[in-house]
Structures are given as structure tokens and as C-alpha cells.
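Engineer: This is the structure I want to talk about, given as C-alpha cells.
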Amino acid sequence: MQTMAVQIQDNYIQQFISYVNDHSENITITKDKNLEHDPYFYDRQRELHQIKNDIDSGKIQMIENDDFWNDIDNFVETLQK
């Protein structure tokens with residue numbers, strides 16, 4: 001069995017549901033709660049995992065919290081001049 005995301009035009013939803021009902025022995029529909037809250041959940045998850053892997057491998061470097069806030073403070077000071 002394969003899992004897919006399907007986008008259905010609003011004006012076609014009833015026909016789609018009828019099709020699924022007619023072929024219910026081969027099709028199962030479940031709602032993905034992650035996608036209900038954030039339609040880009042899996043894209044964001046994939047991106048975060050890639051960032052973590054890049055940090056772990058040394059490909060990119062994380063900025064320390066104190067360094068980050070010092071940079072922000074310096075930037076704000078330059079804007080106020």
C-alpha cells in the first residue's frame with residue numbers, strides 16, 4: 001500500500017468522495033493532524049532534520065546564544081546612530 005497526499009478542488013469534493021466510496025475496498029482516507037495544523041509540516045520537518053544533520057556533520061556551524069544576542073545588540077546600536 002502507498003500513502004499519498006491529494007489536493008481536491010472544492011467543487012469536486014463530492015464527486016471524489018463518491019468515487020472513494022465506490023472503491024472503498026482499495027482506498028482508505030485518514031486525516032493527518034499534522035497537515036491540519038500546518039500544511040507544510042513535512043517540508044519543515046525535512047528541512048529541520050537536514051539542518052540538524054548539517055550541524056552534526058560540521059557542514060554548518062551554530063552560533064552560540066550569547067554571540068547571537070551580542071550581534072543583535074550591535075546591529076540595533078548601528079540602526080540608532
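The values are calculated or read from the model by the stated rules, or taken from the named source; none is laboratory data. Source: prediction; values computed, not measured. FYI the Cβ positions are ideal-geometry reconstructions off the backbone, even for glycines, and counts take in every protein chain you see. The accessibility values were calculated without ligands, DNA or RNA, using every heavy atom of the protein model including side chains. Shrake-Rupley method; radii C 1.70, N 1.55, O 1.52, S 1.80 Å.
Engineer: Consider S18 carefully, then state whether it is at pLDDT below 90 and open to solvent by less than 100 Å² (accessible area, probe 1.4 Å).
Structural biologist: no
Engineer: Pairs please, first residue from region 50-63 and surrounded by 11 or more Cβ atoms within 10 Å (Cβ to Cβ), second anywhere and assigned to a loop (DSSP other than H, G, I, E, B) and not hydroxyl-bearing (S, T, Y), Cβ atoms under 9 Å, 6+ apart in sequence or on different chains.
Structural biologist: Within 9 Å, the pairs are I51/I60; N53/K59; D54/I60; I55/Q61; I55/M62.
Engineer: Within region 1-17, how many residues turn out to be assigned to a loop (DSSP other than H, G, I, E, B) and over 23 Å from Q45 (Cβ atoms)?
Structural biologist: Of the residues in that region, 2 qualify.
Engineer: So, of the residues in region 30-49 that are over 11 Å from the mean Cα position of the chain (by Cα) and loosely packed, with under 10 Cβ neighbours inside 10 Å, which turns out to be farthest from T3 (Cα to Cα)?
Structural biologist: Ranking the candidates gives E36 first.
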